[in-house]
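Enquirer: Below is one structure. I have some questions about it.
What follows draws every value from the coordinates through simple rules; no lab data is involved. Quantities reported herein were computed from a predicted structural model and do not represent experimental measurements. Counting neighbours? That spans all protein chains shown, and the Cβs are built from the backbone with ideal geometry, glycine included.
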Amino acid sequence: MELHRSLTCLYLSEASFHLYNSAQLQEATRTWPHSDFLSLSQRAAAVSMLKRLKKSLSTAVSALQETDPKYFKEFEPILDSSFWSLPAEWSSTDPSLVYTSVRSMECYDEQLSDKCMTLLLGTWKDNGTPCIVTKSCRDTMTQFGCPHYSLSHQLLYFMIGTMKGCSRMLKGDLRLSRVNITVEYYKRIFCSNMMKSNQDIFKNVITGQMQDIFIEDILLCGLVGFSDFYKLDWLQSILTWQDQEAGCFGKEEDISQIFEEFLDAPHKRVKRREKTLTDGCSSHMTGVAVSALGGFLNYYLSEQDITKRPLI
């Protein structure tokens, strides 16, 4: 699989999305029911897909290491399948945690977000100490009222901190209004607002950048364990965005427009470095969408009766 450095809103390469989906498929094949021929046939297809995915993952990681060794070194820990874990239990978002007002502009700095995550991972320098939380990182990653991609960054920051075992991420926060807010509660706040964002997006005709935001919210909050993101009508919409011939996503979109971010500074914008695959699709949107679909599959297999599962 072709791989390049793609500074997506999650600061992750497509290899990371392969890991998500590999974990989802691994769990799905483990829990797949063996009650009838159709189930066995579907499981066999999933097993075959898992084998292809593992091969693609190996190629992707090698390519990333070769094409961008600095980026690879900074985020190498999250490219290990043992770094990520699937939800042990499911919960739902809380509408009462939705912000009363949301900023119209993104409220994060690209370079700061990147640095904050390497400080958690301990990859900010050779043999660096992990779980470092600076005041600027804490203030940025706990700021309320941020929209869209900023929410993704904030949630991912706490996800990485949790997976890395950074149990004291909030140490040093002297704000009295935040004294009882835990890492898990921040995740609930962010996903509750991402749920509201997705609900608003779903009411309209969803194209381009909004598709990307919509799918990312499902992917990340599903990984955190919020099952209300796995809505059947949302799944059906995502499947209609898939190119029927190539099987990928974002084929007909203007990639430079989809991954364009606006910062607070007037007239200042940052364009993501994306790359169109050989079949004309967006590498990032395809990776995110396939991983989100893996989440749907795993959720329906683990939580619902086989007679009530939607057919994908």
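Enquirer: Which cross-chain or sequence-distant (5 or more) residues have an amide H under 5 Å from the amide H of W124, H modelled 1.01 Å from N in plane?
Expert: It is none; the list stays empty.
Enquirer: Using θ = phi - 60° and the Karplus curve 6.51 cos²θ - 1.76 cosθ + 1.60, what whole-Hz ³J(HN,Hα) does each residue of the range 105-114 get, with Gly and Pro shown as x?
Expert: Computed from phi, the couplings for the range 105-114 are 10, 4, 10, 10, 9, 4, 5, 5, 4, 4 Hz.
Enquirer: How much net charge surrounds C191 when only other residues with a Cβ under 11 Å from its Cβ are counted (Lys, Arg +1; Asp, Glu -1)?
Expert: Summing Lys/Arg as +1 and Asp/Glu as -1 gives -1.
Enquirer: Quick one: if you stick a label point 7 Å off each Cα along the C-beta vector at W90 and K51, how many nm between them?
Expert: About 3.1 nm, to one decimal.
Enquirer: Sticking with this structure for a sec: Just flag the trypsin sites (Lys or Arg not before Pro) in the range 139-191 sitting in loop per DSSP whose Cβ has no more than 13 other Cβ atoms within 10 Å.
Expert: R168, K171, R175
Enquirer: Quick one: which residues, 5 or more positions from C248 or on another chain, have an amide H under 5 Å from its amide H? H modelled 1.01 Å from N in the peptide plane, none for Pro or chain starts.
Expert: The list, which skips near neighbours in sequence, is D243.
Enquirer: Under a point spin-label approximation (7 Å from Cα along Cα-to-Cβ), what is the D139-Q199 distance to one decimal in nm?
Expert: A separation of 3.3 nm, rounded to one decimal place.
Enquirer: Report the net charge of residues surrounding P130, where surrounding means a beta-carbon distance below 15 angstrom and charges are Lys +1, Arg +1, Asp -1, Glu -1.
Expert: +2
Enquirer: Using the Karplus equation 6.51 cos²θ - 1.76 cosθ + 1.60 (θ = phi - 60°), what ³J(HN,Hα) coupling, rounded to whole Hz, does each residue of the range 216-224 give in order, writing x for Gly and Pro?
Expert: With coefficients 6.51, -1.76 and 1.60, one gets 4, 4, 5, 4, 5, 6, x, 5, 6 Hz.
Enquirer: Report, in listed order, any pair from K55/K231; K125/K164; K73/K135; K164/K196; K115/K171; K54/K171 with a Cα-Cα distance greater than 27 Å.
Expert: Listed pairs above 27 Å: K55/K231; K164/K196; K54/K171.
Enquirer: Give me the distance in nm between label points sitting 7 Å out from Cα along the Cα-to-Cβ direction at Q65 and C131, one decimal.
Expert: For Q65 paired with C131, the spin-label model returns 2.8 nm.
Enquirer: Let me know the shape class of the range 145-248, please: from the alpha-carbon gyration tensor, a ≥ b ≥ c as square roots of the eigenvalues, rounded when a/c is under 1.5, otherwise prolate if a/b is greater than b/c, or oblate.
Expert: Judged from the Cα gyration tensor, the range 145-248 comes out prolate (a/c at least 1.5, a/b above b/c).
Enquirer: By how many nm would the segment from R168 to E76 grow when fully extended, if each residue of separation counts as 0.36 nm and the alpha-carbon distance is taken off?
Expert: In short, 30.9 nm is gained.
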